[in-house]
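Here's the structure we're looking at; comments come further down.
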């Protein structure tokens, strides 16, 4: 893909309103975006610097009240075009649902039957925690206004549904595990 994931996230948030780096990170956290995409704190600042150098965002130093000066960024027209490109190239992505857990489950045959059952149990516990956490985040965002918060709630709903579906699937894997072991 031509547009980095972090750039899509940063540009998408700046398309709402101008923000400084810390506000971007806080908004990412408050909307629980980490439940469906991964963006490291340091990469946000690296992205902002790169996007500014490329003319995709414009930064302006703003004096801090009771603290250090901050640089507030706004998206430019070329930045909106880049965001659109980054979004469009992802909608057709056929990568599937990749995760470290999926990589491990795909090799579960290498474990003994007892180890496999423990592994499935650990994954089930992790998924239940994901369902509970996503539901709590969605409830917390219930009163938040604006289209981006509505989309965040829908994405949290998707995470819950995917986790519940995987839990059902793991039930069948658990049942068939003894036949899948070496």
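No value in this document is a laboratory result; all are computed from the given coordinates. Because the structure is predicted, anything quoted here is derived from the model rather than measured. Glycine gets a Cβ as well: all are built from the backbone with ideal geometry, and neighbour counts include every protein chain shown.
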Could you calculate the contour length gain from residue 4 to residue 49, that is, 0.36 nm times the residue separation minus the distance between their Cα atoms, to one decimal place in nm? 14.8 nm
Counting other beta carbons within 10 Å of each residue's own, what order do 87, 141, 127 fall into, fewest first? 87, 141, 127
Paired Rg and Dmax values of region 5-91, which use every Cα atom, in angstrom: 12.6, 43
Pick from 117, 49, 145 the residue whose mean-square fluctuation is largest in a GNM of the chain, springs joining Cα atoms under 10 Å. 145
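Only helical DSSP H runs with n ≥ 4 go in: add -39500 (n - 2.57) per run for the chain, normalise by residue count and round the 222 nm mean residue ellipticity to 500 deg cm²/dmol.
Details: 7 runs with 116 residues, N = 182.
The helix contribution divided over the chain gives -21500 deg cm²/dmol.
Run the numbers on region 100-180 and let me know its relative contact order in percent, using alpha-carbon pairs under 8 Å that are six or more apart. Show your work: numbers first, answer last.
Values: 42 pairs, mean separation 31.7, N = 81.
Rounded, it is 39 percent for region 100-180.
Taking 0.36 nm per residue of separation and subtracting the Cα-Cα distance, what length does fully extending residue 112 through residue 178 add? Present the calculation step by step, with values, prior to reporting the outcome.
On the way: separation 66, 0.36 × 66 = 23.76 nm, distance 0.87 nm.
Between residue 112 and residue 178, full extension yields an extra 22.9 nm.
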Quick one: grab Rg to one decimal and Dmax as a whole number for the chain, Cα atoms only, in Å. 20.3, 66
Tilt of helix 147-180 relative to the longest C-alpha principal axis of the chain, in degrees (0 to 90, nearest 10)? 20 degrees
Picking from 24, 170, 51, which is most flexible by a Gaussian network model of the chain using Cα springs under 10 Å? 170
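Given Cα pairs under 8 Å that are at least 6 residues apart, what percent is the relative contact order of region 1-116?
Details: 104 pairs, mean separation 36.8, N = 116.
Once divided by the residue count of region 1-116, the mean separation gives 32 percent.
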Using Cα springs under 10 Å in a Gaussian network model of the chain, which residue among 15, 148, 104 shows the largest mean-square fluctuation? 104
Residues 22, 45 in order from fewest to most other beta-carbon atoms within 10 Å are 22, 45
In degrees, nearest 10, range 0 to 90: what is the angle between the Cα axis of helix 21-30 and the longest Cα principal axis of the chain? 40 degrees
